[in-house]
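Participant: Before anything else, here's the structure in question.
The values are calculated or read from the model by the stated rules, or taken from the named source; none is laboratory data. What you see is a predicted model, and the numbers here were worked out from it, not measured in a lab. For neighbour counting, all protein chains shown are included, and Cβ atoms are generated from backbone atoms with ideal geometry for every residue, glycine included. Please note that ligands, DNA and RNA were not included when accessible areas were found on the heavy atoms of the full protein model with its side chains. Shrake-Rupley method; radii C 1.70, N 1.55, O 1.52, S 1.80 Å.
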Amino acid sequence: MTPLFALEDLEAVLPIVRRIAPDTPAYAWPLLQERFGFEVVVKHENHTPIGAFKARSSIVYIQKHIDAHGRPKGVISATRGNHGQSMALAASRLGLPATLVVPEGNAEGKNRAMRAFGADLVVEGRDFDISRRVAEEKAEEHDYLMVPSFHRNIVLGVATYALEFFQKHSDLDVVYVPVGMGSGACGLITVRDLLGLKTEIVPVVSERAPAYQLSHAAGHIITTDTAKTFADGMACREPNQQALDILTHGADRIVTVSEDEVAEAVRILFADTHNVAEGAGAAALAAMKKEANGLTGKKAGVILSGGNIDEGALQTILQGGTPAP
């Protein structure tokens, strides 16, 4: 299939991304190799100014809109947290007001962070997909720019982490990556193909939010009634068709992980790397652990996509439990 963008497009947006996000580290942790019996390289997207990979996305989307259409009155979006922090930070750097719609019961730590970056928060909707529709209505009502969770220019910004990762570790046999709306996984697939690498990309979803896995297996969009998982960055029940097309083209399968498996992965990352991972951020390691018996002799990569976990959830996990969604 035709790539979303060319390598020169990706290199051209690096200066825009660098206004906010540095080249994040990718470490092969010895304790992970000791635990699993093969080399494991962690791409630390928890080391951005918002603690997540999404820091790279909104600045590219909004700047490209400004370049093509001029400055909007304001920007608006729906989010569970990381996308919203990205948008709030980008808007503040660009001097624009930002409004974010979050679902009821959203993680309070992420809500506080979005407000701290300067956004106005609206709490409406029982889940992300309903909040997204509310945001779309408000965008039309107030003539604000709606910043989507998935778009070519969102993926273009996010994909800079994939370029960094593959430039340092072009010999990776497999990379596991969490899927919310799909920008992270689609960025990896696109960059791998542009660089002509043979690395297998394995997207990961929560078994409580399996819409992308079901859709990938069926070959068409399948929605779910709920997506309740403490790994809120993967809480999607309505997949994006363009993202699904890329995942179908570029990944042979999508792995599901349980709440307990994600919680255990958070504990492993804390013990072996002393990094804090949110649920979605630990999902890649959870899937790799699930398939570890087939990875002997290989070099595996995992995307630690974010570290924005609420204190209460982290306490539960480090005490050996699994948070309620």
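Participant: What are the ³J(HN,Hα) values, in whole Hz, obtained from phi via the Karplus relation 6.51 cos²θ - 1.76 cosθ + 1.60 with θ = phi - 60°, for each residue of segment 178-184 in sequence order, with x given for Gly and Pro?
Facilitator: Karplus-based 3J(HN,Hα) across segment 178-184 equals x, 10, x, 8, x, 5, x Hz.
Participant: Still on this structure: With θ taken as phi - 60° and the coefficients 6.51, -1.76 and 1.60, list the Karplus ³J(HN,Hα) couplings across segment 252-265 in order, rounded to whole Hz; mark glycine and proline as x.
Facilitator: Listing the rounded values in order: 6, 7, 10, 9, 9, 10, 8, 4, 5, 5, 5, 4, 4, 5 Hz.
Participant: Average projected area of the Cα convex hull of segment 171-245, in nm²?
Facilitator: Values: hull surface 20.0 nm².
Averaged projected hull area, Cα only: 5.0 nm².
Participant: Another one. Could you give me the percent of Cα pairs per 5 Å distance bin for segment 56-139, shortest bin first, beginning at zero and ending with the bin that holds the maximum distance?
Facilitator: Per 5 Å bin, starting at 0, the Cα pair percentages come out as 3, 17, 28, 25, 17, 7, 2, 0.
Participant: Return the FRET efficiency for the residue pair E311, A218: r is the Cβ-Cβ distance, R0 is 25 Å, and the value is rounded to the nearest 0.05.
Facilitator: Using R0 = 25 Å, I get an efficiency of 0.05.
Participant: Sorted from largest down, give the three principal axis spans of the alpha carbons of segment 2-55, whole angstrom values.
Facilitator: Principal axes ranked by extent give 39, 31, 14 Å for the Cα atoms.
Participant: Summarise the long-distance tail of P(r) for the chain by giving the % of C-alpha pairs beyond 33 Å.
Facilitator: Here the tail beyond 33 Å accounts for 18 percent of pairs.
Participant: In a shell of Cβ-Cβ distance under 14 Å around D260, excluding D260 itself, what net charge do Lys and Arg (+1) and Asp and Glu (-1) give? Mind dumping the intermediate values first?
Facilitator: Numbers: positive: R208, R267, K289, K290; negative: E207, E259, E261, E264.
For residues surrounding D260, the net value is 0.
Participant: Percent of accessible area on the chain owned by carbon and sulfur, 1.4 Å probe? Before the final figure, lay out the partial values.
Facilitator: Values: 5860 of 12560 Å².
Answer for the chain is 47 percent, counting heavy atoms of protein chains only.
Participant: Given bins 10 angstrom wide, list per bin the percent of all Cα-Cα distances in segment 263-324, short to long.
Facilitator: For segment 263-324, the binned pair fractions read 23, 53, 20, 4 percent.
Participant: Next up: Sorted by mean Cβ packing within 10 Å, highest first, what order do the peptides 244-254, 40-50 take?
Facilitator: 40-50, 244-254
Participant: For segment 1-116, what Kirkwood radius comes out of the mean inverse Cα-Cα distance, in Å?
Facilitator: In segment 1-116 this quantity evaluates to 16.1 Å.
Participant: In nm, to one decimal, how far is the A292 label point from the L7 one, both placed 7 Å along Cα→Cβ?
Facilitator: Result for the modelled spin labels: 3.6 nm.
Participant: Let me ask you something else. May I ask you to compute the full-extension gain from D173 to D67, defined as 0.36 nm times their residue separation minus their alpha-carbon distance, rounded to one decimal in nm?
Facilitator: So the chain would gain 34.3 nm between D173 and D67.
Participant: Calculate I(q)/I(0) for segment 140-216 by the Debye formula, one identical point scatterer on each C-alpha and no solvent, and give its log10 at q = 0.14, 0.22, 0.25 Å⁻¹ to two decimals.
Facilitator: -0.52, -1.00, -1.16
Participant: Per DSSP H run of at least 4 residues, take -39500 (n - 2.57); add these up for the chain, divide by its residues and hand me the 222 nm value, nearest 500 deg cm²/dmol.
Facilitator: -13500 deg cm²/dmol
Participant: Okay, next question. Could you quote the convex hull projected area for segment 178-325, Cα atoms only and averaged over all directions, in nm²? Can you show the working numbers first?
Facilitator: Working: hull surface 35.0 nm².
Computing the convex hull of the Cα atoms and averaging its projections yields 8.7 nm².
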